[in-house]
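Student: Have a look at the structure that comes next, please.
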Ligand SMILES: NC(=O)c1ccc[n+]([C@@H]2O[C@H](COP(=O)([O-])OP(=O)(O)OC[C@H]3O[C@@H](n4cnc5c(N)ncnc54)[C@H](O)[C@@H]3O)[C@@H](O)[C@H]2O)c1
């Protein structure tokens, strides 16, 4: 059932070809928003945009490496020209290399920080003029359980996601007077290729993938509500945070994790 909660809105969704990004793009389009899916994987972005358009939604797909400021500039300009304005940024692009602290290389550290944290900083900076021109807007970043607790292991992922807490607060405080809100959404254990597959941005093997039933069961057991979080659970939270219902929420985080972060 659609409720047209985003009628007249226009969103740029980085990492929008991934599982959570695509679920959010679909839901936003169903709720009346024009959406631009921006992802390193252009073919996948185009596939999803095609499905959204076939369902009557307004959608475009573009290639974006969130580490590249020049690409951000081009994507924001194109989307603003295509839709007439831009009022929402959703950041989903993410990377992880699941190794011990000992084995985390400087290259892994820089790659994870660049994509997960600097990518959100660049997106925020480069979207701001467009949001101001729109009279205000919403910036939503994707955190993680790693935003709340870091634990043992390679440190870069937790550092990048904890860094988003600070970026979210800093953005919220700096731009509230421009009618721009910023919220961090922390998914728990979400059934997506990020923890199932072996993509270059998030490699997994038998010891980490939820294709291994032991790993799947361990994550369900660590979730008090007793099931994996699904991309659609996260998409509904993004919809709420983007909508007018959340108009007094800024600088804070929302966990969508079935209690896994307790
Ligand atoms: N799956 C989980 O359990 C989980 C839990 C908490 C947080 N997260 C976070 O959720 C976000 C979305 O992940 P997902 O689970 O949907 O995974 P996913 O692998 O399906 O999607 C990630 C997307 O990011 C894109 N991407 C990677 N590097 C990029 C770059 N440099 N520029 C642009 N796009 C890039 C990929 O092409 C992919 O489409 C990530 O930020 C991840 O850290 C995932």
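Student: If the requirement is being under 22 Å from residue 11 (Cβ atoms) and in contact with a strand residue (DSSP E or B) (Cβ under 9 Å, 6 or more places away or on another chain), which of these qualifies: 148, 164?
Tutor: Just a single option satisfies the conditions, and that option is 164.
Student: Can you say whether residue 245 is touching a residue at least 40 places away in the same chain (Cβ under 8 Å) and over 17 Å from the mean Cα position of the chain (by Cα), as far as the supplied structure shows?
Tutor: For residue 245, the condition - touching a residue at least 40 places away in the same chain (Cβ under 8 Å) and over 17 Å from the mean Cα position of the chain (by Cα) - is met.
Student: How many of the residues in the stretch 50-77 are more than 15 Å from residue 122 (Cβ to Cβ), surrounded by 14 or more Cβ atoms within 10 Å (Cβ to Cβ) and without any contact (Cβ under 8 Å) to a residue 24 or more places away in the chain?
Tutor: 1
Student: For the stretch 175-200, which positions are surrounded by fewer than 19 Cβ atoms within 10 Å (Cβ to Cβ), closer than 19 Å to residue 154 by Cβ and within 9 Å of the ligand (Cβ to nearest atom)?
Tutor: 197, 199, 200
Student: Quick one: would you say residue 153 is more than 17 Å from residue 36 (Cβ to Cβ) and within 15 Å of the ligand (Cβ to nearest atom)?
Tutor: Against the criterion (more than 17 Å from residue 36 (Cβ to Cβ) and within 15 Å of the ligand (Cβ to nearest atom)), residue 153 qualifies.
Student: Could you run through the stretch 144-168 and say how many residues are part of a helix (DSSP H, G or I) and over 21 Å from residue 91 (Cα atoms)?
Tutor: Looking only at that region, the number is 0.
Student: For residues in the stretch 212-226 being part of a loop (DSSP other than H, G, I, E, B) and within 13 Å of the ligand (Cβ to nearest atom), which is nearest to residue 130 (Cα to Cα)?
Tutor: That would be 223.
Student: Mind counting the residues in the stretch 176-211 that are part of a helix (DSSP H, G or I), in contact with a strand residue (DSSP E or B) (Cβ under 8 Å, 6 or more places away or on another chain) and in contact (Cβ under 8 Å) with a residue 60 or more places away in the chain?
Tutor: Looking only at that region, the number is 2.
Student: Need at least 1 residues that are in contact with a strand residue (DSSP E or B) (Cβ under 6 Å, 6 or more places away or on another chain) per element, so show me which helices (runs of 4 or more DSSP H) inside the stretch 12-127 make the cut, counting only ones lying wholly within it.
Tutor: 19-30, 42-54, 69-83
Student: Quick one: count up the residues across the stretch 14-28 that are within 7 Å of the ligand (Cβ to nearest atom) and surrounded by fewer than 24 Cβ atoms within 10 Å (Cβ to Cβ).
Tutor: Residues meeting the conditions: 1.
Values quoted throughout were computed directly from the atomic coordinates according to the rules given, and no laboratory measurement underlies them. All values reported here derive from a predicted model rather than from experimental measurement. Ideal geometry is used to build each Cβ from the backbone, glycine not excepted, and the neighbour counts take in all protein chains shown.
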